[in-house]
Structure formats: structure tokens, C-alpha cells
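Enquirer: Mind looking over this structure? Questions follow.
What follows draws every value from the coordinates through simple rules; no lab data is involved. Predicted model, so just to flag it, every value in this text is computed and none were measured. Glycine also receives a Cβ, built like all others from the backbone with ideal geometry; neighbour counts cover every protein chain displayed.
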Ligand SMILES: [Zn+2]
């Protein structure tokens, strides 16, 4: 048998070159779109004013005590990490720690916490059973520029168990001092529809399921098909092997009883993503009062 003649070498080289160029273009597209909202969802760009003075003024208008936890420094710019607290009626009440915007190109969590802070101040009786410690914007440098990373080009959300990003160091000090019973870290996801949670060593999965159902019925948005019915649940024995070393993972390893990442699909309208984040916080807070969480 004589093998059929293949394409001439020149044609093969051209095809190979074209393949390499296509792969490079796909890689460049992915790399850029990973950082920039406008490449993927240009037509539906969120109308978020990315101005720290404006956000600081809006946080000040909540009427809650706005404090600077510390500064992060990149070149000549020093940017504040803010923290707001709301005490509980009972000094022994559980502490809920909340954070958002550690990926600067994920604005819905920041908006959700701003709205929540307004409610905490306006209706304190409705939130009297828990103490709140809120970091509304964990990566101000990235948020100002609509970029995922911090000013050292680090993915700060992966810098908690190991790593030394400025933002992570400040947050770890804060959460250690505050002794969070629950930490919720608000994110957005480009690739999965709906919403989902990352849960770390959670014992009350019935309460978590109730939260997901409540979000679905209140917003009409279905959970993503990630993990087990919209929850990526990590057991304590798996903690050391987790590559994405988030703040909730670190908090759960250091005494927090409950810790979650909340993810919403960033193709949803901003108001819907904000609503999902608010409902997630509300539902997960009930895990701290077990008598109601399983119903
Ligand atoms: Zn994120």
C-alpha cells in the first residue's frame, strides 16, 4: 500500500501558523476579558460611578460610623479600606462580617453592601439580633479602574491562607479582632448562569438550601448548575488542598463558624445581582439562629 500524498509542506506551514495565531488571539481575548467588563458585556455596562470620594460620601450618608481600617499604597496613591460597624442590642450577639469588591470588576457586591448599610442605619430594630462589621470595598485600586486585580497585579481574593497582599493583611487583622461568627464574601461570575455559593465546612446545609430557594422564588433567577445544586461545599478535611484560598476559607480555618462566597452571574442586570446578594446575606445570617434555619 502506498500512503496517499499529504498536503504540500508550504500549505501545512501556513495552516500551522494560522492555528497558532488563532490560539494566541483566543488567549489574548480571554486574558483581557477576564479583567475588563467592557470586552464581554460592553453593551450592558453597569452604571457604577467608580469614584472613591463619591463612594466615601455615600457611605458617610448612611449615618453609620465610617472608619478607615488602613491604607493600601501603590506608587504615589494611598487608598483607604473602609469599615463600618453596627452594634447589636445584646453585646453577646453573633457577629456578621461582610466584604465585597475584592475583585474590582465585580461591583454588585459593593452596591449591595451600600444598600444594606443604609438599611442598618435606617431600621436598626430589624437588624438588632446581630452585630455587623462591613467592608464595602476590599480592593479600591481595582474598583476605581474596573480591574479584577490589585495594584500589584495580584488576585487579592487568593491571598488569604498564604500570600501577603496589602488588602488581605488588613482584612485578616480586622476579622481576627472582630471574631466573626459568619463571613460572607460577595463576588460575581462571568461564566455561570444564575447564582451559586461556595460553602466551607458548613454543617447546616438545610439552612443553606433554604437560602437558595428563597433567592430563587424572590428573584425568579435559578441557581447555577455548579457543585451540588448550586453549592460548592468543601469539607474541613479538604481545606489544606483548596487552591483558591479565599477570605472565607481562611476565616473558617481561624474560628468563624460559617463562611461563604456568594457568586452572581454578571450578565444579569445590576439590580438583580444586588437583590441576590442581599437575600443571600439575609438567608445565611439565619444560620446563626439555628432554631429558625431548618424550617
Ligand atoms: Zn470575584
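Enquirer: Simple spin-label model, 7 Å along Cα-to-Cβ: residue 145 to residue 26 in nm?
Expert: Once both label points are built, they end up 2.9 nm from each other.
Enquirer: Quick one: go through segment 163-195 and flag any residue whose amide nitrogen is under 15 Å from the point 7 Å out along the Cα-to-Cβ line of residue 203.
Expert: 181-182
Enquirer: May I pose another question? Using a 10 Å cut-off around each Cβ, can you sort 110, 262 from fewest to most neighbouring Cβ atoms? Please list the in-between numbers first.
Expert: Details: 110 26, 262 29.
The most exposed by this proxy come first: 110, 262.
Enquirer: Please report the equivalent ellipsoid semi-axes of segment 155-239, computed as sqrt(5 x eigenvalue) of the Cα gyration tensor, largest first, in whole Å.
Expert: 26, 16, 13
Enquirer: How much FRET efficiency would the formula 1/(1 + (r/R0)^6) give for residue 192 and residue 152, where r is the Cβ-Cβ distance and R0 is 25 Å, rounded to 0.05?
Expert: Given R0 = 25 Å and the Cβ-Cβ separation, E is 0.35.
Enquirer: Using just the alpha carbons, could you tell me how many Å³ per residue the convex hull of segment 215-295 encloses?
Expert: Each residue corresponds to 123 Å³ of Cα convex hull volume.
Enquirer: Give me the extension gain from residue 162 to residue 254: residue separation times 0.36 nm, minus the current Cα-Cα distance, reported in nm with one decimal.
Expert: Stretched out fully, the residue 162 to residue 254 stretch lengthens by 31.8 nm.
Enquirer: Also, quick follow-up: Please order 178, 202, 54 by the number of other Cβ within 10 Å, starting at the fewest.
Expert: Fewest-to-most ranking of 178, 202, 54: 54, 178, 202.
Enquirer: Continuing with the same structure: I need the semi-axes of the equivalent ellipsoid of segment 190-242: take the C-alpha gyration tensor, multiply each eigenvalue by 5, square-root it, list largest first in whole angstrom.
Expert: Listed largest to smallest, the semi-axes of segment 190-242 are 22, 14, 6 Å.
Enquirer: How high is the relative contact order of the chain, in percent, counting Cα pairs under 8 Å that sit 6 or more residues apart?
Expert: 19 percent
Enquirer: Let me check I have the definition right: for segment 48-293, take the eigenvalues of the Cα gyration tensor, multiply each by 5, take square roots. What are those semi-axes in whole Å, largest first?
Expert: Listed largest to smallest, the semi-axes of segment 48-293 are 24, 21, 19 Å.
Enquirer: If R₀ is 22 angstrom, what is the calculated FRET efficiency for the pair residue 125 and residue 58, using the beta carbon separation as r and rounding to 0.05?
Expert: 0.40
Enquirer: Based on other C-beta atoms within 10 Å, arrange 156, 245, 289, 95 from fewest to most.
Expert: Lowest count first: 289, 245, 95, 156.
Enquirer: Just round it to a whole percent: the fraction of Cα-Cα distances in segment 160-295 exceeding 26 Å.
Expert: 21 percent
Enquirer: Given all pairs of different Cα atoms, what value in angstroms does the Kirkwood hydrodynamic radius of segment 43-114 take?
Expert: Working: mean 1/r = 0.0701 Å⁻¹.
With all distinct Cα pairs of segment 43-114 included, I get 14.3 Å.
Enquirer: Let me ask you something else. Rounded to a whole number of µm²/s, how large is the Stokes-Einstein D of segment 62-169 at 4 °C and 1.567 mPa s, given Rh as the Kirkwood radius over C-alpha pairs?
Expert: The Stokes-Einstein estimate is 89 µm²/s.
Enquirer: Then there is this: Restricting the count to DSSP beta bridges whose residues both fall in the chain, what percent are antiparallel, rounded to a multiple of 5?
Expert: Around 45 percent antiparallel, to the nearest 5.
Enquirer: What is the Cα coordinate range of segment 106-189 on the first, second and third principal axes, sorted by size from largest, in whole angstrom?
Expert: Principal-axis extents of the Cα atoms in segment 106-189, largest first: 42, 27, 19 Å.
Enquirer: Here's another thing I want to ask about it. What FRET efficiency would be calculated for the residue pair residue 78, residue 11, taking the C-beta separation as r and a Förster radius of 45 Å, to the nearest 0.05?
Expert: So the FRET efficiency works out to roughly 0.15.
Enquirer: State, to one decimal in nm, how far the label point of residue 85 lies from the label point of residue 19, with both points 7 Å from Cα in the Cβ direction.
Expert: My value for the distance between the label points is 6.1 nm.
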